[in-house]
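For reference, the structure discussed in these notes is given below.
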Amino acid sequence: MSAVRLLVLGAVRRRARAHGYQVRADLEAWGAHQWANAKSGSVYHALKAMTGEGLLLLHETTPSTAGGPPRLEYEMTGDGEQAYFTLLRAALSHRDPRLDLLAAAVGLIEDLTRAEAIDLLRLRAAAMDEWRAGITGELPAGTDLETWGPVGEVLGLWIHTADSRAEWTHRLIRRLEEGSYRMAGEN
């Protein structure tokens, strides 16, 4: 699963029809070139690849006044719409430790209904709890990880990661339950 792929599909979907420069500019405005490695080359590569896969439809528009090739615009196909929502739902519901993918999904969360977003995040929170239980379930009661040397540090890192990500997920669920953001289908 690629954060750039999700971001590019989301940017095209939000514009309905967009040329590569617009998609790239949107992603840069979101800071995605920093946290998702959505650099110019990866954006254009994703546009070309997803056009080849039938997820985007390519339109040639007005020719360049400088004598260059016509500007290319992209539009999402039905398969692209399906792929977008599959990626978005998976990124929000899984415990995937890749923060770029989670950040992309949260940035696009308003494309889902409030109820669906909350349900997906609850799945993520449950996966985080299961992950933490898997880390700590084999440890003897009263284990002091500091006595385990570097292995204890690794286990402590994963426990901390599980706890902080679960806490963050529950906070976002609460915000959505309280009415934060305008979600799909809301006026």
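No lab work stands behind these numbers, since they all come straight from the coordinates. All of these numbers come straight from a predicted model, not from anything done at the bench. Heads up, the Cβs are rebuilt from the backbone with ideal geometry, glycines too, and the neighbour counts pull from every protein chain shown.
The stretch between THR147 and ALA49, if pulled fully straight at 0.36 nm per residue, gains 30.2 nm over its current Cα-Cα span.
Let me know the charge dipole size of segment 147-187 about its Cα centre in debye, to the nearest 20, where only the beta-carbon of Lys, Arg (+1) and Asp, Glu (-1) is charged. Please list the in-between numbers first.
Working: 5 positive and 6 negative charges, 24 e Å.
About 120 debye.
Quick check: convex hull over the Cα atoms of segment 56-174, volume per residue in Å³, rounded to an integer?
On the way: hull volume 19.4 nm³, N = 119.
Hull volume over Cα atoms, normalised by residue count, gives 163 Å³.
Give the calculated FRET efficiency between LYS39 and THR86 to the nearest 0.05, with a Förster radius of 22 Å applied to their Cβ-Cβ distance. The pair LYS39/THR86 has a calculated efficiency of 0.35. Scan segment 158-187 for GluC sites (Glu not before Pro) in coil per DSSP, keeping those whose Cβ has at most 16 other Cβ atoms within 10 Å, and list them by number. Answer by residue number: GLU178, GLU186. Report, in whole Å, the centroid distance computed from the Cα atoms of segment 1-70 and segment 113-186. Segment 1-70 and segment 113-186 have Cα centres separated by 33 Å.
Net length available on complete extension from ALA29 to ALA126 is 31.7 nm, with 0.36 nm assigned per residue and the Cα-Cα distance removed.
For ASP96 and ARG71, compute 0.36 nm times the residue count separating them, minus their Cα-Cα distance, and round to one decimal in nm. Working shown, then result.
On the way: separation 25, 0.36 × 25 = 9.00 nm, distance 3.70 nm.
Gain on stretching ASP96 to ARG71: 5.3 nm.
Name the shape class, rounded, prolate or oblate, that the alpha-carbon gyration tensor gives for segment 113-177, where a ≥ b ≥ c are the square roots of its eigenvalues, rounded holds for a/c under 1.5, and otherwise prolate holds if a/b is larger than b/c and oblate otherwise. It comes out prolate by the Cα gyration axes.
Projecting the Cα atoms of TYR74, LEU120, ALA141 onto the charge dipole of the chain, computed from C-beta unit charges around the Cα centre, puts TYR74 farthest toward the positive end. Debye calculation, C-alpha points only, no solvent: report log10 I(q)/I(0) for segment 86-136 at q = 0.20, 0.25, 0.29, 0.31 Å⁻¹, in the same order as the q values. Normalising to I(0) and taking log10 leaves -0.64, -0.91, -1.11, -1.20.
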